[in-house]
Structures are given as C-alpha cells and as structure tokens.
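To keep things clear, I will list the structure first and then write my remarks on it.
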Amino acid sequence: MIRPLTMGDVHECARLYVEVFQSSPWNETWPLHDARTRLRDFLAAPGAAGVGLLDDSELIGFALGRRERSMGEDHFYLQEMCVHPDRQRQGHGGSLLQGLMDHVRGIAQWYLLTARSSAAAEFYTRNDFTVSARMQVPTRRSPQTPAS
C-alpha cells in the first residue's frame with residue numbers, strides 16, 4: 001500500500017533511511033538524530049510531499065521532495081527515496097516513484113541528485129529520467145573551523 005507521508009512517519013522513515021544508506025553501495029554513517037532532522041526538515045518545507053510504501057503495516061520504502069515553481073510551471077525536486085535493502089530489485093522502487101507521481105499532480109519536470117554510475121542512476125534511467133546536458137552540480141566544501 002502506498003500512502004502520503006505525515007510528520008508522524010518521520011521517525012520510522014529515519015530508521016529505514018539509516019538502514020538503507022549504511023548498506024552497500026552507499027556505506028554512509030548516519031546518526032538516527034541527523035536522519036530524523038533531515039527528513040523532518042524536508043517534510044516541513046513549503047511544497048513538500050512524500051509517500052510511504054507499506055507491506056502490511058511495515059514501512060519498506062518512501063519518497064520525499066518538494067514542488068518548486070519555475071518559469072510558469074511546477075517542478076518537483078525528489079530529495080530522498082529509499083527501499084529496504086532486502087526489498088530492493090523487486091519493483092518496489094518503481095511503484096513508489098509512480099505513487100509519488102500520482103500523489104503530486106501537475107508537475108512539468110522532475111529532478112534529483114544521485115551518484116553517477118550507480119544502481120540508483122540506472123534505476124532512474126529505467127524510469128525515464130535523463131542526465132541533464134545543460135546542468136551540473138558544483139560543490140564546495142567549507143574550510144574547517146579552527147579548534148579553540
């Protein structure tokens with residue numbers, strides 16, 4: 001079952017998020033508090049929308065982002081999406097993405113950030129996303145604050 005996310009889902013989403021992103025290929029270290037803060041902030045943003053995928057009553061995936069207005073049309077920035085590691089490659093990601101698209105109507109363009117040459121990039125390509133020839137993602141790391 002796919003249903004809209006609420007603030008009441010943030011803790012369960014954060015637990016799933018930590019489990020997914022500490023697994024291969026991401027191998028990230030997410031403290032639960034940081035994941036909860038990140039997802040709560042995303043869900044609280046203007047234009048935010050998300051859906052959760054449940055098997056019985058267990059959350060096995062979610063997708064979350066926000067609607068943005070750009071030059072007379074609405075775009076949607078998909079900020080986070082994940083499926084439990086044991087449930088990946090079973091069609092749940094495609095169902096989740098379609099569920100979010102059904103939930104958030106009237107979107108002219110969807111976009112997201114993901115790792116290059118990854119299973120996630122391949123998933124989005126299979127689901128009709130393309131790499132932008134026009135845009136890039138510049139990054140800059142702030143210098144460390146000197147120790148006192």
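Coordinate-derived values only; no laboratory data. Note that the structure is a prediction, hence the values are computed from the model and not measured. Every residue, glycine among them, receives a Cβ derived from its backbone with ideal geometry; neighbour counts consider all protein chains shown.
Per-structure values
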| item | result |
| --- | --- |
| Positions within the range 86-105 being more than 26 Å from residue 137 (Cα to Cα) and among the small types (Gly, Ala, Ser), in sequence order | 91, 95, 99 |
| Answer residue from the range 15-30, given it is aromatic (Phe, Trp, Tyr) and farther than 12 Å from residue 115 by Cβ and is surrounded by the most Cβ atoms within 10 Å (Cβ to Cβ) among those | 17 |
| When residues of the range 70-86 are limited to those that are over 15 Å from residue 105 (Cβ atoms) and out of contact with any helix residue (DSSP H, G or I) (no Cβ under 9 Å at 6 or more places or on another chain), the one surrounded by the most Cβ atoms within 10 Å (Cβ to Cβ) | 77 |
